[in-house]
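What follows is a set of notes on a single structure, which appears directly below.
The values are calculated or read from the model by the stated rules, or taken from the named source; none is laboratory data. From a predicted model like this one, the values you see are computed outputs, not experimental measurements. Using ideal geometry, Cβ is built from the backbone for each residue, glycine included, and neighbour counts are taken over all protein chains shown. All accessible areas refer to the heavy atoms of the entire protein, side chains included, with ligands and DNA or RNA removed. Shrake-Rupley method; radii C 1.70, N 1.55, O 1.52, S 1.80 Å.
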Amino acid sequence: LPSVLCLGDCQLQTPCRIQKCTTDFVSLTSHLNSGLEGFDLEFCKALRAYSACTYRNSKVCRGNLVYHSAVLGISDLMSQRNCSKDGPTSSTNPEVTHDPCNYSSHTEAREHQGGEKTPPTTYLFCGLFGDPHLRTFKDHFQTCKVEGAWPLIDNNYLSVQVTNVPVVPGSSATATNKITVIFKSYQDCTDQKVYQAVTDDLPAAFVDGTTSGGDGNTKSLRIVEKVSGKYIEMHARYIGTTMYIRQLGHYLTLAIRMPQELVMAYEESQDLQLCVNGCPSSERIDDSGHLPLPVIGQLLPQGGAAHPWSVYTLESATTKCYEKMLVKDIYFYSCVFDLLTTGDANFTTAAHSALQDVEALHPRKEHWHIFPSSGGVGKGSKVFVSVGLVCLILIAFL
């Protein structure tokens, strides 16, 4: 009798395993970051593995609504990401997919070897722009003098040094005209690579003439030119790091995202890192990282410019910055400050681009905007902003 019954219902003996297919797909993609190099490649490989799993279960899952929803979802995602149906697939075995020159891959390998789930990788952001404004890995915002050469980053994997020069005669405000980046030799992933940019020379290659590091078709380190002579990106897969360098006007800006554990991998003698510990107090021209300053001093004369070489009044500078930045956060106030200090409209673009880089690289959206501790610009605060900006400018020129 059981044999006879099985003729009509034997598929029930094999359960639908669509949940296992879905769980494997989530496992393969949960560590991926859409902002990192190689995301689309790995995501498409995981999608093809998901599709193959659903195909193997097509008969036993024929009447399962979850199964049919998954099939439709896979098709939609493949269209959105332009994934081909044919190609390599991801394996659910971490030992098979481990790539020693892919930072995401060896964090997975550590998890597999330890047998326990490790917390997701924490990424940190640092940026430098304007004359100059610094956002540290701790999301502290500072405006500094730091004339000459200063280390932004100096750890076991990466060194970044910037050189700042005075912006206008007689001012202590400076801006960046040179950036030197050293990717230190790492296992078989890359030899030491040095990159250098100066005003009007933003190359799309390392100083040795190469554009990548590492062997094989998938380079573990590479430079991508986005706008010739104006904007390049550097992607270091082996240390999970992405860096943007731009030239805006006569000066350079930098933004970087790097895993926290690598950021903190440095010796005690390397503690002078602006991205890690901020500017020394003697080099600061802001008040606790915020603009504007507390109320002291006098207002600008009606319609008067901040300094003889500045063509901007407080009102026109505010209007100019508001054209590009609708949120009156610290980037907006930095823009106004730079215009009043220098009269150079390129600093407006620099502040706007710096905020765009934050949105592209900073891992936490709720931290993209930083607001002055005194609050936003509301009713009755126009005088506060006016006086505060003037005070900050006066201090910059002492």
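Scanning the stretch 160-175 for residues that are buried (at least 20 other Cβ atoms within 10 Å of the Cβ) and either under 19 Å from the mean Cα position of the chain (by Cα) or farther than 16 Å from Tyr251 by Cα (or both) turns up Val160, Val162.
Does Tyr67 count as open to solvent by less than 40 Å² (accessible area, probe 1.4 Å), more than 27 Å from Pro120 (Cβ to Cβ) and touching a residue at least 24 places away in the same chain (Cβ under 8 Å)?
Working: open to solvent by less than 40 Å² (accessible area, probe 1.4 Å): yes; more than 27 Å from Pro120 (Cβ to Cβ): yes; touching a residue at least 24 places away in the same chain (Cβ under 8 Å): yes.
It is true that Tyr67 is open to solvent by less than 40 Å² (accessible area, probe 1.4 Å), more than 27 Å from Pro120 (Cβ to Cβ) and touching a residue at least 24 places away in the same chain (Cβ under 8 Å).
Answer with yes or no whether Val194 is without any contact (Cβ under 8 Å) to a residue 24 or more places away in the chain and within 26 Å of Gly249 (Cβ to Cβ). It is true that Val194 is without any contact (Cβ under 8 Å) to a residue 24 or more places away in the chain and within 26 Å of Gly249 (Cβ to Cβ).
Restricted to the stretch 285-398, the set of helices (runs of 4 or more DSSP H) holding at least 1 residues that are modelled with pLDDT of 90 or more and hydrophobic (A, V, I, L, M, F, W, C) comprises 314-324, 330-342, 346-361. I'd like the full set of residues that are touching a strand residue (DSSP E or B) at 6+ places or on another chain (Cβ under 6 Å), outside any strand (DSSP E or B) and open to solvent by 10 Å² or more (accessible area, probe 1.4 Å), limited to the stretch 146-159. Within the stretch 146-159, just Glu147 meets the criteria.
When the residues of the stretch 176-193 are filtered to those that are in a strand (DSSP E or B) and open to solvent by 40 Å² or more (accessible area, probe 1.4 Å), which remaining residue is farthest from Arg237 (Cα to Cα)? Filtering the stretch 176-193 for residues that are in a strand (DSSP E or B) and open to solvent by 40 Å² or more (accessible area, probe 1.4 Å), the one farthest from Arg237 (Cα to Cα) comes out as Asn177.
Right, Tyr55: among the hydroxyl-bearing types (Ser, Thr, Tyr), outside any loop (DSSP other than H, G, I, E, B), modelled with pLDDT under 90 and over 30 Å from Met258 (Cβ atoms) or not? Here the answer is yes, as Tyr55 does meet what is asked.
Residue pairs whose Cβ atoms lie under 6 Å apart, sitting 6 or more positions apart in sequence or on different chains, and linking a residue in the stretch 18-31 that is closer than 15 Å to Ile74 by Cβ to a partner that is open to solvent by 70 Å² or more (accessible area, probe 1.4 Å), are Ile18/Val66; Asp24/Thr92.
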